[in-house]
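Written out below as structure tokens is the structure these notes cover.
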Amino acid sequence: MKNKERHVVVKEFSRFQNYSFRMIFYQITFLLTILGTGYWLTSNIIKNMIQRGISSGFGFMIKESGFDISETIPLPLIEGRGLFIVILFLAYVLGFILVYWRAHSKGEKISPRANKVLIAAFFLIGVLGSLFYLMGDSIAWIGFSQVSSYSFAILTGVLNTLKLAFAGCITATIVGLMVGIGRLSPNWLLKRLSGIYVETFRNIPILLQILFWYFIVIGVLPSVRQSINFYDMFFLNNRGAYFPMVNPCEGFRPFMLVLVLTIISICFMGRYKKKKIELEGKEFKIFYPSLFIFAGLSLFSIMVFGTPISLSYPILKGFNFQGGLVLSPEFVAMFLGLVIYTSAYVAEIVRSGIQAISKGQIEAGLALGLKRGQLLRLVVLPQSLRVIIPPLTGQYLSLAKDTSLGVAVAYPELASVSGTIMAVSGQVVEVLALTMSVYLTISLLISLFMNWYNTQITMEER
Amino acid sequence: MNTCVSKVVDIDEDAIGPPRLEIGILGWLKSNLFSSWLNTTITFICLWISYNLFVFITKWAVIGASFGKAPENCKDCSGACWSVIRDTWTLFLMGRYPSEERWRLLGILFIVGALIIVSFFKKVRNWRGKYYLWAFSIIPILILLKGVDVFGLKVVDTELIGGLLLTVLLSIIGLGFGFPLGVLLALGRRSRGLPIIKWICIVYIEVIRGIPIVSMLIIASILLPLCLPSDVSLGLVLRAQVGIILFSAGYIAEIIRGGLQGVPKAQEEAAWSIGLNYWKTMVFVILPQALRIVIPPLVSIFITFIKATSLVTVIGLFDLLGMAGVVAANPKWLGKIVEAYVFVAAIYWVICYSLSRYAMNIEKQHKAREH
């Protein structure tokens, strides 16, 4: 009777039948595997580095770099009185942000008291900012040179990356907006041309586009002596693009003060306008009054303190142009490549955003008697922005990351500067870790900002 | 007596028809190009731009171009020198793959073509094992490509593979291996009751998505050899491939996570209630539905990766884009880089454009099925 016996045997419970034990077991096994692999990799790295005679640690960061960077952005070296003002300024900015956040976390609407605090803080920042500018004499601006440290080199690379990313994002948005609207235009020809633009540049790798533009600038444009001349102001040759440069003069700082005052008065008038519409239903146009204030104040400042800015034109002296604003071929190529490639994507995003609005909304707006501009500003944009912002954030992120292609044309942004540092110092692991963390921080900051902006525009939803 | 008599003229309305400016070609022109002053201005500006573009391109690419095979043909032509392409097109397509072994590439094309044609038959389409068919075809393809001594095929050095062949290989293998990794990462990120695994997956995905692919390739080319014991050495192609696989896994994971979110929760609960365990639930119930949703974004990520593999040029590989530099550095064709770039761009464009059309078609079919 073997069968009977089998029935009697009580199956022992294994620990694996316990859910929480199983989960903990899996996780510990997984963690151990990861840690083990990590340990193996790190020990290999250490072994290899000892073999090659490379020391580890971030100590090399303060050493003299000994190489040159073709494009540097001067950084303020602050001393004495200036340092004090900067610390004060930063403290006020921090305080402002803190107050703002606390006011926001209390409720969805800002209480009137918090609003007053905000405005006071704004004033203080405005005043302090202009003070900072007025006392700017104690600040020395220094650029990267051979005697600077590796950390300064990294900082220069980061600044170049940010410069390119910032300029690229803004221009790509504007171009993309125009092409995207062009794709929806009633004009058949414009629609087709915009479509060709999008489909052409979206389907060609960005690196190829950058290299193409780089070669066009370097290889096809004429030499310095035969440079293409636009009205003796703009020059284009194989060493880059030359623009007239705005230089600050003696009247510059008072003029900055005028700008701050104008912005403050516009803020006040905006509040007044809102009040007037809410209470009396009357519209108060703020454009002309603010223009008047700005014109009056700036005229006063120019009469008393002299012109704020002067233009310096690029002039051919010897073998190269002097003065003016110079954009290197590398920058021009990177900028063109990034802007054209990204704007094709932005155009598609804008198009889908506008198409997402139901036709009834526009018809309802027209029926209410809104003008075209009002319709776009009050009905179309607020709704399409909600659709547009999330994918646009993705585009900004990829543009910021694509600046790393500067490696290919030797534009000294973060990736290519860190490549140079790796080659010169041999500190591969540290430099790579640093570069990656900088890129992660930039990505994080962009997504934080765009998420914040997104919440600002979706708040109105009911 | 003054009487106002209005004369009624009998008009046959059918004979006159609508105004001539409102119908036919003229009507189309009026409504699409000249409906208002602004519209007319835009039309003329666009006409001017497209005329100039057309003239410039035809002058450069056709009228002033030379189509001979020898470099001498290019001496006195004002436009493009297509002789470069005629002379070096094999380099662009397959790199320096030995010419006596090229029949093997034809064999690979034959296998892929046969698979595609077979897939058109309904019987195969409805057959469950079709994915295995595709998955296992990789083995003969790789054997043909690399060569194995056992079959009497000469082993080809991986560094000789280049051009379009390298681009396609890097992106297909990158996505092929990144896909299972991505699925696991996505499942890990959505897992419940496993916080450690979940967080490791989240950190991996977010780090990968936060860094540029150039950094990843530099890591793969410089850091990877440091991470391995000193007696193991990987070729540059293989290192780049590892980098692309690790990179694509992060992006695929996010796409699949989107698909997983699109599957109704009731599906999972139903699977649990009929007694399926976690893996059976996922493999037989959830993933098939999730993957069906994510086919279009997967195709677009494939397009992205075909374009992104061009970045391996930065670490010194000669893929399709890298070949343009190689050709233009050749003393015979010195400085003919614009032609090379245009040719390469055209190849990329054709591939990416047709794939994106394909993705759009699938999406349309899905939408049609939903309604």
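I'd like the full set of residues that are among the hydrophobic types (A, V, I, L, M, F, W, C), open to solvent by 20 Å² or more (accessible area, probe 1.4 Å), within 11 Å of chain A (Cβ to nearest Cβ) and in contact with a helix residue (DSSP H, G or I) (Cβ under 8 Å, 6 or more places away or on another chain), limited to segment B:219-244. Quick ask: steps written out before the conclusion?
We begin by selecting, within segment B:219-244, every residue among the hydrophobic types (A, V, I, L, M, F, W, C); these are B:219-220, B:222-224, B:226-228, B:232, B:234, B:236-238, B:240, B:242, B:244.
Among the residues that remain, those that are also open to solvent by 20 Å² or more (accessible area, probe 1.4 Å) are: B:219, B:222-224, B:228, B:232, B:234, B:236, B:238, B:242.
Then keep just the ones that are within 11 Å of chain A (Cβ to nearest Cβ); that gives B:219, B:222-224, B:228, B:232.
B:ILE219, B:ILE222, B:LEU223, B:LEU224, B:LEU228, listed by residue number.
Tally up the residues in segment B:321-331 that are open to solvent by less than 30 Å² (accessible area, probe 1.4 Å) and under 15 Å from B:LEU160 (Cβ atoms), please. If you could, list the steps in order and put the result at the bottom.
Let us first name the residues in segment B:321-331 that are open to solvent by less than 30 Å² (accessible area, probe 1.4 Å), namely B:321-324, B:327-328.
Now narrow it down to the ones that are under 15 Å from B:LEU160 (Cβ atoms): B:322-323.
Of the residues in that region, 2 qualify.
Answer yes if at least one residue in segment A:212-221 is farther than 30 Å from B:LEU334 by Cβ, within 14 Å of chain B (Cβ to nearest Cβ) and buried (at least 21 other Cβ atoms within 10 Å of the Cβ), and no otherwise. Don't jump to the end; show me each part of the working.
First, pick out the residues of segment A:212-221 that are farther than 30 Å from B:LEU334 by Cβ: none.
Within segment A:212-221 (the criterion being farther than 30 Å from B:LEU334 by Cβ, within 14 Å of chain B (Cβ to nearest Cβ) and buried (at least 21 other Cβ atoms within 10 Å of the Cβ)), the answer is no, since none of the residues qualifies.
Consider B:ILE111 carefully, then state whether it is of a type in the set (Val, Ile, Thr), exposed (fewer than 13 other Cβ atoms within 10 Å of the Cβ) and modelled with pLDDT of 80 or more.
no
Return yes or no: is B:ILE196 in contact with a Lys or Arg (Cβ under 8 Å, 6 or more places away or on another chain) and either open to solvent by 30 Å² or more (accessible area, probe 1.4 Å) or away from chain A (no Cβ under 13 Å) (or both)?
Here the answer is no, as B:ILE196 does not meet what is asked.
Six or more apart or on different chains, Cβ under 9 Å: which pairs go from a residue in segment A:279-304 that's closer than 16 Å to A:ILE264 by Cα to one that's modelled with pLDDT of 75 or more and exposed (fewer than 15 other Cβ atoms within 10 Å of the Cβ)? Could you list them?
A:ILE286/A:GLY270; A:ILE286/A:TYR272
From the list A:VAL332, A:VAL339, which residue is part of a helix (DSSP H, G or I), in contact with a strand residue (DSSP E or B) (Cβ under 9 Å, 6 or more places away or on another chain) and surrounded by 14 or more Cβ atoms within 10 Å (Cβ to Cβ)?
Only one candidate qualifies: A:VAL332.
Could you count how many residues in segment B:252-289 are farther than 19 Å from B:CYS201 by Cα, in contact with a helix residue (DSSP H, G or I) (Cβ under 9 Å, 6 or more places away or on another chain) and not small (Gly, Ala, Ser)?
12
Mind listing whichever residues of segment A:143-173 are over 30 Å from A:SER65 (Cα atoms) and either open to solvent by less than 30 Å² (accessible area, probe 1.4 Å) or in contact (Cβ under 8 Å) with a residue 60 or more places away in the chain (or both)? Steps first, please.
To start, the set of residues in segment A:143-173 that are over 30 Å from A:SER65 (Cα atoms) comprises A:169-173.
Listed by number, the residues that qualify are A:CYS169, A:THR171, A:ALA172, A:THR173.
Take the conditions within 12 Å of chain B (Cβ to nearest Cβ) and modelled with pLDDT under 85 and apply them to A:GLN427. Does it pass?
Yes: the conditions hold for A:GLN427.
Tell me, which residue of segment A:15-65 that is in contact (Cβ under 8 Å) with a residue 12 or more places away in the chain and within 11 Å of another protein chain (Cβ to nearest Cβ) is surrounded by the fewest Cβ atoms within 10 Å (Cβ to Cβ)?
Ranking the qualifying residues of segment A:15-65, first place goes to A:ARG52.
Suppose the filter is among the hydroxyl-bearing types (Ser, Thr, Tyr), over 12 Å from B:VAL183 (Cα atoms) and in contact (Cβ under 8 Å) with a residue 24 or more places away in the chain; does B:SER233 pass it?
no
Results for (1) of a type outside the set (A, V, I, L, M, F, W, C); (2) within 14 Å of chain A (Cβ to nearest Cβ), shown as yes or no for each residue.
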site	(1), (2)
B:PRO264	yes, no
B:ALA271	no, no
B:ILE301	no, yes
B:SER310	yes, yes
B:VAL327	no, yes
B:VAL350	no, yes
B:SER356	yes, yes
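Go through (1) open to solvent by 30 Å² or more (accessible area, probe 1.4 Å); (2) at pLDDT 65 or above for A:VAL86 and report which single condition fails.
Every condition holds for A:VAL86 apart from (1).
Residues of segment B:16-38 being among the hydrophobic types (A, V, I, L, M, F, W, C) and at pLDDT 70 or above, which ones?
Listed by number, the residues that qualify are B:ILE16, B:ILE23, B:ILE25, B:LEU26, B:TRP28, B:LEU29, B:LEU33, B:PHE34, B:TRP37, B:LEU38.
Anything in segment A:178-197 that is of a type in the set (A, V, I, L, M, F, W, C), over 23 Å from the mean Cα position of the chain (by Cα) and more than 8 Å from chain B (Cβ to nearest Cβ)? List them, or say none. Spell out the reasoning first.
The first filter runs over segment A:178-197 and keeps only residues of a type in the set (A, V, I, L, M, F, W, C), leaving A:178-179, A:181, A:184, A:188-190, A:193, A:196.
Still in the list and also over 23 Å from the mean Cα position of the chain (by Cα): A:181, A:184, A:188-190, A:193, A:196.
Within segment A:178-197, A:ILE181, A:LEU184, A:ILE196 meet the criteria.
Just one of the numbered conditions (1) part of a loop (DSSP other than H, G, I, E, B); (2) open to solvent by 30 Å² or more (accessible area, probe 1.4 Å); (3) within 17 Å of A:ILE62 (Cα to Cα) is not true of A:PRO186; which one?
(3)
Name the single residue that is farthest from A:VAL220 (Cα to Cα) among those in segment B:75-93 being under 23 Å from the mean Cα position of the chain (by Cα) and open to solvent by less than 30 Å² (accessible area, probe 1.4 Å).
The extreme case among them is B:PHE92.
State all residues of segment A:222-250 that are more than 14 Å from every other protein chain (Cβ to nearest Cβ), open to solvent by 40 Å² or more (accessible area, probe 1.4 Å) and closer than 13 Å to A:SER328 by Cα; if no residue qualifies, say none.
Across segment A:222-250, the qualifying residues are A:LEU236, A:ARG239, A:PHE243.
Take the residues in segment A:250-298 that are part of a loop (DSSP other than H, G, I, E, B) and not small (Gly, Ala, Ser), then tell me which one is nearest to A:LEU311 (Cα to Cα). Reasoning before the result, please.
As a first pass, look at segment A:250-298 and keep what is part of a loop (DSSP other than H, G, I, E, B): A:250-251, A:281-286.
Applying the additional criterion that residues be not small (Gly, Ala, Ser) yields A:250, A:282-286.
Working: A:GLU250: 13, A:LYS282: 43, A:GLU283: 40, A:PHE284: 37, A:LYS285: 34, A:ILE286: 31 Å.
Only one residue fits best here, namely A:GLU250.
So which of B:LEU91, B:LEU109, B:LEU38 ends up being more than 14 Å from every other protein chain (Cβ to nearest Cβ), free of Cβ contacts under 8 Å to residues at least 40 places away in the same chain and part of a helix (DSSP H, G or I)?
None of the others qualify; the one that does is B:LEU109.
Hey, does segment A:212-223 have a residue that's farther than 30 Å from A:ALA347 by Cβ and touching a residue at least 12 places away in the same chain (Cβ under 8 Å)?
yes
Quick check on segment B:348-362. Is at least one of its residues open to solvent by 60 Å² or more (accessible area, probe 1.4 Å), on the phi < 0 side of the Ramachandran plot, touching a strand residue (DSSP E or B) at 6+ places or on another chain (Cβ under 7 Å) and not charged (D, E, K, R)?
no
The values are calculated or read from the model by the stated rules, or taken from the named source; none is laboratory data. Small disclaimer: the values here were computed from a predicted structure and weren't measured. With ideal geometry, Cβ positions are generated from the backbone for all residues, glycine too; neighbour counts draw on all protein chains shown. Please note that ligands, DNA and RNA were not included when accessible areas were found on the heavy atoms of the full protein model with its side chains. Shrake-Rupley method; radii C 1.70, N 1.55, O 1.52, S 1.80 Å.
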